[in-house]
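The values are calculated or read from the model by the stated rules, or taken from the named source; none is laboratory data. Remember, it's a predicted structure, so these values are computed and weren't measured experimentally. Reconstructed Cβ throughout: ideal geometry from the backbone, glycine too, with neighbour counts over all protein chains shown. Side chains included, ligands, DNA and RNA excluded: accessible areas come from the protein's heavy atoms. Shrake-Rupley method; radii C 1.70, N 1.55, O 1.52, S 1.80 Å.
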Amino acid sequence: MPRYQRYWVGLDAGHLETAICLVNSDGHAFFEAKTETRAAPIRDILRRFGVEPVQSVTIEAGVGTQMVRDLRSYGFPVQVVDVRKSSKFLAIRRQKTDANDAKGLADLGRLAQATGTQVYVKPIEHQDIRIMINIRRTLLKHRAKIDALLQSIFRLHGGSLKLLNGRGSLAAEVAKQQRLLRMSGVTIGIDLDPLVSMGEALRSHIADMDREMRTMAATIPACAGFQTIPGVGPITSLSFYSAVGDPYRFKHNRDVGPYLGLTPTLYQSGVTARRGRISRHGNKLTRTHLVTAATVLLCSIQAESSLRSWGLQLATKIGFLKARVAVARKLAVLMITMWKTGEPFAPDYRRPRFLQPEEAGLDPVQISGA
């Protein structure tokens, strides 16, 4: 193959192996192979055909995140595509194989560059925050399951277990309820110590993580600014911060709403046009955190603000459940605006004009904390 000819690369990444396919401008696959899921072997293959002619290296979001970072560090134009969108393109082929998927991804990079399938790869610092948030969510789920099991055991024996989240609170409450049951002549004939030990360990780990995340949120300027908004705490601020990554990748602040799946879907065909529920695209956990923050703002915060007043008025028209989602979208737009401007929350907050990084003479990577 001439080294000056342009070509496109598709990578179907698995945990151990990656199928690689190179296609030319006519869509002809002139090289196919399988290699390790590492950047170095793929780099060595592409160097054989010339690095400069590579137009794009297309890979689906998921397994190969670190490989994407490494390939980009080698200077390759890697684009990561949304699995939901790429799967429709790949479904055109009759047989689903790794080789066919690699060929399809190469064709996707060649033919569909402007379809909006690209996925933003977060900096490693933001990814670590996401991991921490997901670990905390998993611990909370396991704690809830253990608490529910203990409650059901005591209810079956006529007792009532009051659950608290402090260290040592579960063990003390279980011992208290067992003592009350024995006074009534009822004895639980099974050993509850393993459940109590796991519940206490989970409470301890969650408390440690919460303390660490509060400290982390206080040291990140953007997250500290988010927490000036009533209802937004350390978890929500870190969740939004890590989900967005770089605020300047959104040309318009309102674009963050669709990115997090907080805007209604639109179906239009001929004379038919109707709006549906919110799309629920993007990060589910961050969307949940924003809706929770909006609920706290509307129900628990007493301090008045233009955002709260707007949300309460909207709730009287369309109902509370829809209104809190609308407030969550407003929160997302407000937070990304504050991130760009560096301004704290004000009760009568309005959208100011913000300077682009180039106008302010700043580096957007440094501003975003990447």
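Given the DSSP H assignment, sum -39500 (n - 2.57) over each helix run of at least 4 residues in the chain and divide by its residue total; what's the result at 222 nm in deg cm²/dmol, nearest 500? Don't skip to the answer; put the middle values down first.
Details: 15 runs with 198 residues, N = 370.
After summing the helix terms and dividing by the residues of the chain, the value is -17000 deg cm²/dmol.
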- Item | Accessible-area composition of the stretch 26-158, carbon plus sulfur, in percent [1.4 Å probe] | 53
- When the chain is treated as a GNM, springs tying every alpha-carbon pair under 10 Å, which of ILE220, ILE188, ILE42 comes out with the largest mean-square fluctuation? ILE188
- Antiparallel %, DSSP beta bridges [both residues in the chain], to 5: 70
- Message: Give me the one-decimal nm value for the distance between modelled label points at SER87 and ARG47, 7 Å along each residue's Cα-to-Cβ direction.
- Response: 3.7
- Query: When ligands, DNA and RNA are left out and all protein chains stay put, how many square angstrom of accessible area per residue does the chain have with a 1.4 Å probe?
  - Reply: 54
- Those lysines that a straight Cα-Cα span of less than 19 Å connects to LYS122, excepting residues fewer than 8 apart in one chain: LYS251, LYS284, LYS340
- Item | Fraction of accessible area attributable to carbon and sulfur, the stretch 217-333 (%, probe 1.4 Å) | 54
- Give the angle, between 0 and 90 degrees and rounded to the nearest 10, that separates the Cα long axis of helix 98-111 from the longest principal axis of the Cα atoms of the chain. 70
